[in-house]
């Protein structure tokens with residue numbers, strides 16, 4: 001049985017349909033539903049079918065270069081959809097808190113844009129595909145911007161260095177508070193993940209020092225790496241992650257709280273970067289097959305944005321060689337195909353074949 005949640009409560013679908021006949025829940029008295037969004041039944045059916053189809057898939061393996069991630073139960077599997085009118089569909093292990101990892105890069109980018117404006121962030125970070133792995137040293141050397149884009153490690157560390165604050169604690173608190181506003185509830189650091197990553201992040205420290213050589217990091221390099229390591233260690237569950245995605249789908253407004261947490265004018269720039277570099281060095285394949293702005297993390301999460309409609313988040317720890325959750329990719333591609341979510345297809349805006 002699906003569970004449907006809203007800011008007014010949580011209901012089990014079977015009972016809710018009998019009482020109300022609909023699961024469209026207004027935020028502050030108004031709905032914000034796309035006229036071409038699929039109806040409730042189609043969303044439920046697509047998510048259930050995808051979940052059942054891939055729940056037994058054992059391809060891939062947990063990330064092991066961060067010791068903590070290697071110990072996460074590889075059988076965990078959760079799927080959540082949050083729509084712009086604040087309908088929530090959940091299936092599986094949606095309340096398990098996993099580390100957000102590289103998905104955090106999206107929201108630190110949003111915060112940097114809020115503080116500096118999108119033009120200054122673009123000038124200082126850039127937004128070009130590196131053509132190399134997310135942690136590539138050669139990309140820093142070869143690419144004229146050196147940072148590449150905000151979703152590879154070098155660019156992400158540089159983006160984190162843009163966040164203003166009197167000291168490291170103030171900067172970190174600002175980032176965590178911002179993530180919590182986007183999620184619509186308080187998020188916390190998973191301290192074990194942070195300690196595990198901090199003990200193994202020599203590569204990121206090397207990237208930060210290389211950026212310093214090119215004057216492309218904007219605060220103390222090692223401080224910036226430490227804050228970046230903390231942001232990657234924030235815990236989220238699938239439902240929280242889907243809500244964070246739905247904020248971007250909803251022009252920066254949290255559909256659960258009604259708060260404008262990301263500036264609407266920044267959203268297109270964030271989504272374009274996700275479409276270009278959101279799934280590491282398989283981003284081109286993702287755009288070809290799925291056609292949605294998305295971001296993955298080696299903790300096993302992927303969130304995909306359907307502008308004007310909502311977001312789907314999937315958590316499953318087993319990764320492919322590029323560092324992307326195997327099950328999450330399959331589920332999102334399946335659901336997207338069933339619901340006409342591909343942004344490059346005219347069907348996504350209601351035009352039929």
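The values are calculated or read from the model by the stated rules, or taken from the named source; none is laboratory data. Since this is a predicted model, take the numbers as computed values, not measurements. Here Cβ is always computed from backbone atoms with ideal geometry, including for glycine, and neighbour counts include all displayed protein chains.
A few remarks follow.
- Every condition in (1) over 13 Å from residue 245 (Cβ atoms); (2) touching a helix residue (DSSP H, G or I) at 6+ places or on another chain (Cβ under 9 Å); (3) surrounded by fewer than 24 Cβ atoms within 10 Å (Cβ to Cβ) holds for residue 272 except the one numbered (2).
- Among the residues examined, residue 270 does not qualify as touching a strand residue (DSSP E or B) at 6+ places or on another chain (Cβ under 7 Å) and modelled with pLDDT of 95 or more.
- Flag for residue 94 being assigned by TED's automatic domain parsing to the domain that holds residue 202, closer than 28 Å to residue 173 by Cα and touching a strand residue (DSSP E or B) at 6+ places or on another chain (Cβ under 8 Å): no
- Of residues in the range 34-48 being surrounded by fewer than 18 Cβ atoms within 10 Å (Cβ to Cβ) and over 23 Å from the mean Cα position of the chain (by Cα), the one nearest to residue 300 (Cα to Cα): 45
- Among the candidates 314, 247, the residue that is closer than 26 Å to residue 122 by Cα and crowded, with 23+ Cβ neighbours inside 10 Å is uniquely 247.
- Total residues in the range 139-179 satisfying the condition of being surrounded by fewer than 22 Cβ atoms within 10 Å (Cβ to Cβ), at pLDDT 95 or above and not in a helix (DSSP H, G or I): the figure is 4.
- Residue 331 being more than 12 Å from the chain's Cα centre (by Cα), in the same structural domain as residue 65 (by TED's automatic domain parsing), within 19 Å of residue 80 (Cβ to Cβ) and surrounded by fewer than 24 Cβ atoms within 10 Å (Cβ to Cβ): no
- Of the residues 121, 94, 81, the single one that is touching a helix residue (DSSP H, G or I) at 6+ places or on another chain (Cβ under 7 Å), crowded, with 21+ Cβ neighbours inside 10 Å and in a loop (DSSP other than H, G, I, E, B) is 94.
- Checked against the criterion of being assigned to a loop (DSSP other than H, G, I, E, B), closer than 19 Å to residue 336 by Cβ and touching a helix residue (DSSP H, G or I) at 6+ places or on another chain (Cβ under 6 Å), the range 58-66 contains not a single residue that satisfies it.
- Hey, residue 182 surrounded by fewer than 17 Cβ atoms within 10 Å (Cβ to Cβ), touching a helix residue (DSSP H, G or I) at 6+ places or on another chain (Cβ under 8 Å), in a helix (DSSP H, G or I) and assigned by TED's automatic domain parsing to the domain that holds residue 210 or not: no
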